[in-house]
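Only one structure is covered here, and it is reproduced in the block below.
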Amino acid sequence: MPQPNSWFATPADAAARLAASGYLADEATATTAYLAGALEKPLLVEGPAGVGKTELAKAVARVTGADLVRLQCYEGLDEARALYEWNYKKQLLRIQSSQGTDQAWSETHDDIFTDEFLLTRPLLTAIRREEPTVLLIDEVDKTDVEVEGLLLEVLSDFQVTIPELGTVSAVRRPFVVLTSNATRELSEAVKRRCLYLHLDYPDAEREREIVSSQVPDLEERVAAQLVATITRLRDLDLKKAPSIAESVDWARTLVALEIGDLDDRAIADTLGVVLKHASDQARAVKELRLRA
C-alpha cells in the first residue's frame, strides 16, 4: 500500500499542484485533499451542483498521474453495476461445451466461477488495481439507501467479498472521493468512514480568479462584470443556479463574440449559456431589468 503523503507532501503542496492544473483550491480544500491521501481515508465532498466537487477528483488524478475510475450513481444502481457481475452468456457456453464429457458438475462449477468469467465494475476495478488510482463515486446521494451497504466494506477495509472467489483486498489503496449534492441525508455509517468537505459557490474574488485562470483572454473589467452578474443570478430563486463551469463557459462565449462590455444587451443575448431553463431566463430578464 502507498505510504502516507504519497499523494501530496503537504497541504501547501496540494494547493500548489492543484492550482498548476487549473483547480484553485482554498485552504480547507487543499488541507482535506492532503489528509485524504495521508490518512488513506475516503473524502466525502458535499455541496450544490456545479461548485467543483467532481472536478476536485479529476484534478487530483491529473496532478498525481493516477488513473481515474468513476462510478456514476443514479436511482436504481445495483451491485451488478457498481461492484461486479458474472458473464452468464460465456458461462453458459462453457457449460454447453462440457456436456457429453466426463467432467463432473463440481469441476464445471469451479471452472466457470473464475476470473475469466468475472466482469468487474468500478468499485472492484479500483480495488484490484496495482497502479495509483483515484476512485470517484459521483453523486452518491442519488442512489437508494441500500447501495450504501455496498460501499461500507469498500470504504472500511478496502476489500470486496465475492462468494465464489473469496475476499479481494486492495494491493494499493485508491484515493477515494465521494460527491453529494445533499438531496438526501447519507447514513452515519458512511459518513464515519470519510473525511468531510463542504464546497459552496466561491466568493466574487475567488470566482474572478478562477474565470481569469481558465480564460486568460478575457479582459479584467469584463471578468468583474461577469462575476457580479453571476452573483446576482445566484441570489434569484432559480431552478438551477449557474455553476462555476457555466461561469467559465460564459467567459469563453464573451471572448468568442469579442464582447468588451457586459451590458444588458450582451447579457440578454448570451443568457442561455448560464441559464438552461426558460423560466429561469424569464425571471432573470425581469429581476435584472434587462433591456435588449
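The values are calculated or read from the model by the stated rules, or taken from the named source; none is laboratory data. As the structure is a prediction and not an experimental result, all values here were calculated from the model. Positions of Cβ are generated from backbone atoms using ideal geometry, with glycine treated the same way; all protein chains shown enter the neighbour counts. When the accessible area is computed, the model is the full protein with side chains, heavy atoms only, and any ligands, DNA or RNA have been set aside. Shrake-Rupley method; radii C 1.70, N 1.55, O 1.52, S 1.80 Å.
Considering each of Thr179, Thr229 in turn, give the residue that is buried (at least 18 other Cβ atoms within 10 Å of the Cβ) and assigned by TED's automatic domain parsing to the domain that holds Glu27. On inspection, the qualifying residue turns out to be Thr179. Going through (1) crowded, with 19+ Cβ neighbours inside 10 Å; (2) more than 18 Å from the chain's Cα centre (by Cα); (3) not polar (S, T, N, Q) one by one, Leu39 falls short only on (1). Residues that are touching a residue at least 12 places away in the same chain (Cβ under 8 Å) and open to solvent by less than 40 Å² (accessible area, probe 1.4 Å) within segment 160-173 comprise Val160, Ile162, Val168, Ala170, listed in sequence order. Output the residues belonging to segment 22-36 that are at pLDDT below 95 and surrounded by 16 or more Cβ atoms within 10 Å (Cβ to Cβ). Listed by number, the residues that qualify are Tyr23, Leu24, Ala25. The helices (runs of 4 or more DSSP H) falling completely within segment 219-292 that include 1 or more residues that are free of Cβ contacts under 8 Å to residues at least 40 places away in the same chain and more than 29 Å from Asn181 (Cβ to Cβ) map to 220-234, 244-256, 264-270.
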